[in-house]
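The structure appears right after this line, and notes come after that.
The values are calculated or read from the model by the stated rules, or taken from the named source; none is laboratory data. Computed from a predicted model, the values in this text were never measured in an experiment. When we count neighbours, we look across all protein chains shown, and the Cβ atoms used for this are built from the backbone with ideal geometry, even at glycine.
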Amino acid sequence: MLLKQNPKRIGRTDISDLNDDPVVVWQHRNYIKCVIFMGMIFPTLVTGLGWGDWWGGFIYAGILRIFVVQQATFCVNSLAHWLGDQPFDDRNSPRDHVVTALVTLGEGYHNFHHEFPSDYRNAIEWHQYDPTKWSIWVWKQLGLAYDLKQFKNNEIEKGRLQQLQKKLDQKRQTLDWGIPLEQLPIIDWEDYVSRAKDGQALIAVAGVVHDVTAFIKEHPGGKALISSGIGKDSTAIFNGGVYNHSNAAHNLLSTMRVGVLRGGSEVEIWKRAQRENKDISFVSDSAGKKIIRAGSQVTRIAEPVASADAA
Ligand SMILES: [Zn+2]
């Protein structure tokens, strides 16, 4: 309204259905007359002829109401692009918020509206405030509106899921999952054993070497049990031989890893795990980071293996 729009940036769309509607065309041709009559003269007549309050009708029901409705309407282009969540896509500015919905009579679920623009709804949940949608629905029941467009739920949920996945990826990147295996130094078995003998609290599980020095005191199973695994192949002990460690334990253990054993069994274990459970694989998120699902940590093995000399 205040700025001239760049004609190159105007989105073109097919409005032949509107051009074919005689009521719409009549209103478009007589727009200013309609605005002055319905916006100012009509409310003045109602209050003036009704109970003699000509100025009240003109100022409150006319001028002031136009001012308020215009401010509310243009909140769709300000508030709705600034306040709230972005459940379907966050690469553009539209947002969903109940306050915007209250101010704009339902235009508050604007992220949805930009993603699915031909859908007659703004709010898709029954509990969200969208009186515009409710009005259109009532008009449909009365035969005044027809051919209401609605996007398939399948498409809507895909967008929602992708946005959730993006949020999960962002959250994942803030957490410590341990040094990636491929970045760890390779340690020979003899070297591992001798470093453990020299007093370093190293524990090998599934071919990965962990430094548990700072954790020995914290070990929920006690000092003695964790110490008994130092300098050995503790794969079986950790995976149920003595105690079947929790998912949280596998996660925590991975933050302590400092190396992989040369010829270590992690590759073999992964191959076997993948054969047994096709769902387990190295899947990367949008940032290329491996997704470590519960139950698929490298230290987790499908079934306890007999503890053998790893050398
Ligand atoms: Zn918008």
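Yes or no: Lys140 more than 16 Å from the ligand (Cβ to nearest atom), over 30 Å from Ser284 (Cβ atoms) and in a helix (DSSP H, G or I)? It is true that Lys140 is more than 16 Å from the ligand (Cβ to nearest atom), over 30 Å from Ser284 (Cβ atoms) and in a helix (DSSP H, G or I).
Counting the residues of region 153-179 that are touching a residue at least 24 places away in the same chain (Cβ under 8 Å) and either more than 30 Å from Arg91 (Cα to Cα) or basic (Lys, Arg) (or both) gives 5. Look through region 110-128, keep the residues that are within 16 Å of the ligand (Cβ to nearest atom) and acidic (Asp, Glu), and return whichever of them is surrounded by the most Cβ atoms within 10 Å (Cβ to Cβ). If we take residues in region 110-128 being within 16 Å of the ligand (Cβ to nearest atom) and acidic (Asp, Glu), then Glu115 is surrounded by the most Cβ atoms within 10 Å (Cβ to Cβ). Exactly one residue among Asp188, Asp147, Asp198 is of a type in the set (D, E, K, R) and in contact with a Leu (Cβ under 8 Å, 6 or more places away or on another chain), and that residue is Asp188. What single numbered condition from (1) surrounded by 14 or more Cβ atoms within 10 Å (Cβ to Cβ); (2) more than 13 Å from the ligand (Cβ to nearest atom); (3) at pLDDT below 95; (4) not basic (Lys, Arg) fails to hold for Asp89? Result: Asp89 fails condition (2) only.
Residues of region 149-180 that are surrounded by 12 or more Cβ atoms within 10 Å (Cβ to Cβ), modelled with pLDDT of 95 or more and assigned to a loop (DSSP other than H, G, I, E, B): Gln150, Phe151.
I'd like to know if region 115-132 contains one or more residues that are in a helix (DSSP H, G or I), under 27 Å from Gln165 (Cα atoms) and not acidic (Asp, Glu). No, that holds for no residue. Take the residues in region 92-109 that are touching a residue at least 24 places away in the same chain (Cβ under 8 Å) and away from the ligand (no atom under 12 Å from the Cβ); name whichever of them is nearest to Met38 (Cα to Cα). Looking at the filtered set, the residue picked out is Leu105.
When region 290-301 is filtered for residues that are within 13 Å of Asp169 (Cα to Cα) and touching a Phe, Trp or Tyr at 6+ places or on another chain (Cβ under 8 Å), the ones remaining, listed by number, are Lys290, Ile292. The residue list Gln71, Gln5 contains one member that is over 30 Å from Lys166 (Cβ atoms) and touching a helix residue (DSSP H, G or I) at 6+ places or on another chain (Cβ under 9 Å), which is Gln71. Within region 1-56, the set of residues being within 43 Å of the chain's Cα centre (by Cα) and charged (D, E, K, R) comprises Lys4, Lys8, Arg9, Arg12, Asp14, Asp17, Asp20, Asp21.
Restricting attention to region 77-86, report how many residues are more than 11 Å from the ligand (Cβ to nearest atom) and either surrounded by 14 or more Cβ atoms within 10 Å (Cβ to Cβ) or at pLDDT 95 or above (or both). Break it down into steps so the answer makes sense when it comes.
The first filter runs over region 77-86 and keeps only residues more than 11 Å from the ligand (Cβ to nearest atom), leaving 83-86.
Narrowing the set further to residues that are either surrounded by 14 or more Cβ atoms within 10 Å (Cβ to Cβ) or at pLDDT 95 or above (or both) leaves 83-84, 86.
The qualifying residues number 3.
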